[in-house]
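The values are calculated or read from the model by the stated rules, or taken from the named source; none is laboratory data. Only a predicted model underlies this, so the values are computations on that prediction, with no experimental measurement involved. Glycine gets a Cβ as well: all are built from the backbone with ideal geometry, and neighbour counts include every protein chain shown. In case anyone asks, the SASA skips ligands and DNA or RNA and just uses the protein heavy atoms, side chains included. Shrake-Rupley method; radii C 1.70, N 1.55, O 1.52, S 1.80 Å.
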Amino acid sequence: MQTLSLTGANGLSEIFIEPGLLGYAGEEILKTFSPSRIHIVTDSNVAPLYLEQLAQQFELPVSSTVIPAGEELKRLSTVEGIYHDLLAVGFTRKDLIIALGGGVVGDITGFAAATLLRGVSLCQIPTTLLAQVDSSVGGKTGVDLAEGKNLVGAFYQPRLVLIDPEVLNTLPDTTFADGMAEVVKYGYIANPDILDMVSQPDYKAHISDVIYECVKIKRDVVAIDEHDTGLRMILNFGHTVGHAVEKLGNYTELTHGQAVAIGMVAALRLGALRGDADLSAPLVALLHKIGLPTELTHDREAIFGALLSDKKKFGSTVNFILVREPGRAEITPIEAEALHEYILKL
Ligand code: GLY
């Protein structure tokens, strides 16, 4: 089993990666936690596949909340529902919440765990590639508001993250490709070996090693900047333009990974407009092979407007993530006016 660990503000977080791990997750969980009861939060896609398989591994009382699948449920009322379910079964601070699912389940459940009784034990079992390489690790939790995404939340490290790459076999191809955008991102910001790994025709057979390399980068970044005030921003490579096009498509036209893929190509082209070498051609080729889009289709003025509203907290400067060469990213403050000019030329 491959293991990684990190110590955040609320203590140690251990990450285990192993194909087949879900089959003996209960054993691993009870080596770390001593709860009197367990509550599993999952969604309507994952529950029929894995809820019973996980629940039956415990001899303790196990209860669950199954939320409808989808980003629309990532709101405070869903968290309140989880609180009610937990309190109805007599959940106490000694007990354990497990998030079994993708990014939405992980973010909501993490926030419920961070806030119920001022914080209870949390184990993340991510079931999508995106959640395995990104959202289940690093302690960002939260929900959306009508005003925007992830506007309410907390940094709260899960004590344990159990990553079983075999569960990815049941994912639709588009959901797998979605997570691959984040995998490619890690290659560009920190470790170009990842790009070589996923360029091999049989890379899916080695996805466990790919996940390990990605999570190692995320662990290293979060260990230095847990609260996202500096270095952690490099994880946003491709996300500045990506979030803008995601928003312009009302979060339904493009998935997060598709938007990030388009945003990474745009970021490399923007770097070239500023005088860097144009690194975009190999990225475009790789993303096409994975099945992700690469081209901006929205009106450039609209993209700039959406981008600026997303980043207004930085005043007249946007912290843009530029990649100087594969594996070397830099957080680069760019004046809004200059950024406007670049976006119009993309
Ligand atoms: N997904 C970016 C971060 O965790 O900071």
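Summary table
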read-out: Conditions (1) open to solvent by 30 Å² or more (accessible area, probe 1.4 Å); (2) within 16 Å of the ligand (Cβ to nearest atom); number of the one not met by A69; value: (2)
read-out: Some residue of region 215-232 being within 13 Å of A181 (Cα to Cα) and surrounded by 23 or more Cβ atoms within 10 Å (Cβ to Cβ); value: no
read-out: Test set (1) in contact (Cβ under 8 Å) with a residue 12 or more places away in the chain; (2) assigned to a loop (DSSP other than H, G, I, E, B) - P201 fails condition number; value: (1)
read-out: Any hit, region 142-151, residues being under 27 Å from S5 (Cβ atoms) and at pLDDT 95 or above; value: yes
read-out: Residues satisfying the stated conditions in region 100-117, i.e. open to solvent by 10 Å² or more (accessible area, probe 1.4 Å) and either acidic (D, E) or within 16 Å of the ligand (Cβ to nearest atom) (or both); value: G102, G103, V104, D107, F111, A114
read-out: Of the criteria (1) touching a helix residue (DSSP H, G or I) at 6+ places or on another chain (Cβ under 7 Å); (2) modelled with pLDDT of 95 or more; (3) not basic (K, R), which one E71 fails; value: (2)
read-out: Which numbered condition D43 misses (of (1) out of contact with any Gly (no Cβ under 6 Å at 6 or more places or on another chain); (2) in contact (Cβ under 8 Å) with a residue 60 or more places away in the chain); value: (1)
read-out: Tally of residues being away from the ligand (no atom under 15 Å from the Cβ), of a type outside the set (A, V, I, L, M, F, W, C) and under 20 Å from V79 (Cβ atoms) across region 145-168; value: 3
read-out: Where L86 falls short, out of the listed (1) within 23 Å of D228 (Cα to Cα); (2) away from the ligand (no atom under 14 Å from the Cβ); (3) outside any loop (DSSP other than H, G, I, E, B); value: (1)
read-out: Residue ID - surrounded by the most Cβ atoms within 10 Å (Cβ to Cβ), chosen from residues in region 157-193 that are closer than 18 Å to I15 by Cβ and of a type in the set (S, T, N, Q); value: Q157
read-out: Qualifying residue in region 118-135 (condition: open to solvent by 10 Å² or more (accessible area, probe 1.4 Å), more than 26 Å from G20 (Cα to Cα), free of Cβ contacts under 8 Å to residues at least 12 places away in the same chain and more than 15 Å from the ligand (Cβ to nearest atom)); value: yes
read-out: Filter result for V265 (under 24 Å from M180 (Cβ atoms) and either hydroxyl-bearing (S, T, Y) or in contact with a strand residue (DSSP E or B) (Cβ under 6 Å, 6 or more places away or on another chain) (or both)); value: no
